Structure formats: C-alpha cells, structure tokens
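What follows is a single structure, written as structure tokens, with notes after it.
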Amino acid sequence: MDPVRNPYAPGAGQRPPELAGRGRELDVFDIVLERIARGRPERSLMLTGLRGVGKTVLLNTLRSQAIGRLWGTGKIEARPDQSLRRPVAAALHMAIRELAPHHRAPERIDAFLGVLKAFAQRATPTGRGSTAPKLRDRWQPGIDVPASSGRADSGDIEIDLVELLSDAASVATDVGTGIAVFIDEMQDLGPEDISALCAACHELSQLGAPLIVVGAGLPHLPAVLSAAKSYSERLYRYQRIDRLDRLAADQALCAPAGREDVEYEPKALDLLYEKSGGYPYFVQAYGKATWDHAPRSPITAADVRVAAPEAEAELAVGFFGSRFERATPAEREYMRAMATLSLPDGTDGTAARDDMDLAVPTADIARSLGRKPASLSPARDALIKKGLIYSGERGTVAFTVPHFGRYLRTQPA
C-alpha cells in the first residue's frame, strides 16, 4: 500500500480523517447553541474521559461549530503552574476580535478592551503584603486602548472574572450572538481559578447571558469542580467521552480507507478492534501501521498481525514510555503495584481484551508494597499532578491512560 496515501492520523489533538462515534455530542452542542440563540437558558459543558479518547479533537470540533454560527470563540490549555488570568484574557481578546467587525459601536468594543487589559495586567497578590506584580511578571496583552479602572481589576480573581465575563457577554448580546471559551486540560487549573470559573458560570447562567464555557479534562474533573463549589454538579452539563463501540471503530477505519478504494476483510476489523480496544488514538495508530504493511486491498488479519508489533513499539515509546520516563523511581514502584492490582478478576494480563484497568484502593497498594499508606502519599500526589493517575473516588486511584497497566505489566522490573 502506498504510504503517501495512508489516511490515518495518530497525533495529539489531531483530527482523524473520520470523526466516528461522536454524533451525539455534536448534536447536543448544536442544541445548546440554538437554545442560546433563542434566549433560552443553557449550562456550560464539561467533557471528561481518559487520555487518547479524543477530548481535544472533540473540543476543537465544537469550537468549529460555534464559529460556524458566527460566535466569538477562544481556546486555552490549562497548566498547573499558570494562573487563569493571562490565558483567559488572551482567549477573550480573540473572541471579541471575531465579534468586533459586526458591532455598530466601536466605542463599546474599546470600552470592553480597556476592562480586558486591566484584568490581564492585574496580577493576584501572592503573599502577605503583596500589592503589585513583580517586574518580570508584568505582561502587555497587545491591546491598544488604555486599561480602564474600577472594573475586573480588584486582584480577586473571582470578582474580576465574574465582571469580565459579564461584560464580554454584554458585547455578544449587542451583536446578537454568543461567546464560547474552550478550556482543555481543565483539571490542571488551580483551586482559586476553578472556584472563580464556577462563580462566573453561575452568575452568567442566572443572567441568561450568551457566554458559555466548554471544558475538557480527565475523569476526576467533576470532583475537582465539586470541591471548589458545591453547586457545580448542577451548574454544568457533563458528557463522558469513552472509547468507540465496534460500529464506530469500524467506521473510523473503513470510511477513510474507502475513499482510497481500499477495503478490510471482516477478520482484519475483528483483530484491529481487539488490539485497539476501541480507543480512538489506538485505532489510528494500528490503522496507520496496518496500512503501511499491507501489500494490497483487501487488508487481511494477517496484515494486522504483521503490523501490530510496529504499532505497539511506537506506542511503547511515544505514548507510554514518555509518560513512564517522567516518573521517579518511587513513583514507578507505585504504578507497578497499581498495574498488578488493576487486573480485572479472572485475567492474567495476557488476555487480548485486557484493556480495562480497574481503579485500585490506595490501601491495597500500600499493603502490596509493605508500606504505610501515609508514606506513599507523596508519590501518589506527584503522579496525580503529572497527570499519570487520578482519584475518581475517595481512597482509590486509576490510570489516566488506557492500556497503561498492560504496558507496565510487560516491562521488566
């Protein structure tokens, strides 16, 4: 098969040639946009799921839907070491620039940009007696108008964000459209920023303002939001993004191949689903390797078996290995214990469908390592911060990456 014509695209956030199995999520967002356009109340949206299930791809697709309806949009990626203030200012600046040509009163746009600039430049005090940002922390957001005073510049991120988003929504109302702010890796926001975002979304929902937040994060994102504000479980519409079912996985493989006049034998599709577990990133990885190894159409199960080791080797280095290398020896020991304990009942780690690592009680991990639970807390907390594991329920942990337990069980100690 010609590798130049290979249609598959295994990449971080890279849209696959066929976005299969996400029709429901796209339809739901269309309804949200239409309801807001008609002045109906709607909640902001949160997408949750493991790594490799296509959250970022879906987030980008939802943004395209909003742009198609002439909404102002901006997107940011949260980072554990960064305040929300600067990135959200940049996202709103982009959204307002999209709306500005449609606004009849340029002075209203300038007035908002003055508020936005004040918000962006007002760093939150970080210590007792702190009143202003250090010189190295000062930032010019590239807005030509002077910063305003008395609005969104108190230094309290919760007060400032509510005022800023309310003013942004007012501009969107003037134009007769909406604004959507997209936040990837949302679980990495700090507690104060999460609390501020929830407060702002709460205020906007009460006002019926045409501004929504669309977040994406790991499965414990709802717990992070709930810890910040008790009403968050009613504030957002949550959608869990999971692996593809068999029909959608086959579509993701067959549709792009069909456009290149290539077909799959049924047994080849059986084996590809078995290998990939239906996880979109793995579907693309195995599909790409299989295409490159197959001599002709139709692609057979034998072609898949020949190609699978190459796909697995690439995943071992780029998808699993890079994450494993970020862990310290103590953290690796913790994850190896998790991998051993996360096997579903009745499996030995060699079953082809051993792709569902279970959540593991932290007490069991401590017992297996012969340690006290408190002594393992630093390793667990560091792994959570690095995004390698998450705590979905109190007292348990699970891998954020599908197949990661299986990968660890195949590695030498």
- Ellipticity estimate at 222 nm from DSSP helix runs (n ≥ 4, -39,500 (n - 2.57)) divided over the chain, nearest 500: -15000 deg cm²/dmol
- Task: Taking H placed 1.01 Å from N in the peptide plane, check which residues at least 5 places from Arg79 or on another chain put their amide H under 5 Å from its amide H.
- Result: none
- Message: If the elastic network links every pair of Cα atoms under 10 Å, which of Arg332, Arg371, Arg237 fluctuates the most in the Gaussian network model of the chain?
- Response: Arg371
- With Cα coordinates, the longest principal axis of the chain makes an angle with the long axis of helix 106-121, in degrees rounded to 10, of 70 degrees
- Regarding the range 20-86, what are the three Cα extents along the principal axes, ordered largest first, in Å? 39, 32, 20
- Message: Sequence gap of 8 or more, or different chains, plus Cα separation below 24 Å: how many lysine pairs satisfy both in the chain?
- Response: 18
- Translational diffusion coefficient (Stokes-Einstein; Kirkwood radius from C-alpha pairs) of the chain at 25 °C, 0.890 mPa s, in µm²/s: 105 µm²/s
- Measuring with a 1.4 Å probe in the full set of protein chains, what accessible area per residue, in whole Å², belongs to the chain? 47 Å²
- Message: From the phi angles alone, apply the Karplus equation (6.51, -1.76, 1.60; θ = phi - 60°) to the range 325-335 and give each ³J(HN,Hα) in whole Hz, x where the residue is Gly or Pro.
- Response: 5, 6, 8, 6, x, 5, 5, 5, 4, 4, 5
- Share of accessible surface on carbon and sulfur in the chain, whole %, 1.4 Å probe and ligands ignored, is 51 percent
- Backbone HN-Hα couplings from phi across the range 239-253 [Karplus 6.51/-1.76/1.60, Hz, Gly and Pro as x]: 10, 7, 9, 10, 5, 6, 6, 4, 4, 5, 5, 4, 5, 4, 8
- Neighbour cut-off at most 14 other Cβ (10 Å), DSSP loop, GluC sites (Glu not before Pro), the range 132-237: none
- Distance from the range 18-46 to the range 256-273 (C-alpha centre basis), Å: 31 Å
- When the chain is treated as a GNM, springs tying every alpha-carbon pair under 10 Å, which of Ala248, Ala105, Ala196 comes out with the largest mean-square fluctuation? Ala105
- Amide H partners (placed H, <5 Å) of Val397, local residues excluded: Val360, Thr362
- Query: For the range 1-77, which trypsin sites (Lys or Arg not before Pro) are in a loop by DSSP, counting at most 13 other Cβ atoms within 10 Å?
  - Reply: Arg38
- Query: What is the distance in Å between the Cα centres of the range 199-241 and the range 281-345?
  - Reply: 34 Å
- In sequence order, what are the phi-derived ³J(HN,Hα) couplings for the range 62-79 according to the Karplus relation 6.51 cos²θ - 1.76 cosθ + 1.60 with θ = phi - 60°, rounded to whole Hz, with x for glycine and proline? 5, 4, 4, 4, 5, 4, x, 9, 6, 7, x, 9, x, 9, 9, 10, 5, 9
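The values are calculated or read from the model by the stated rules, or taken from the named source; none is laboratory data. What you see is a predicted model; the values in this text were computed from it and never measured. Virtual Cβ from ideal backbone geometry, glycine too; neighbours counted across all protein chains shown. Ligands, DNA and RNA are excluded from the accessible area calculation, which covers all protein heavy atoms including side chains. Shrake-Rupley method; radii C 1.70, N 1.55, O 1.52, S 1.80 Å.
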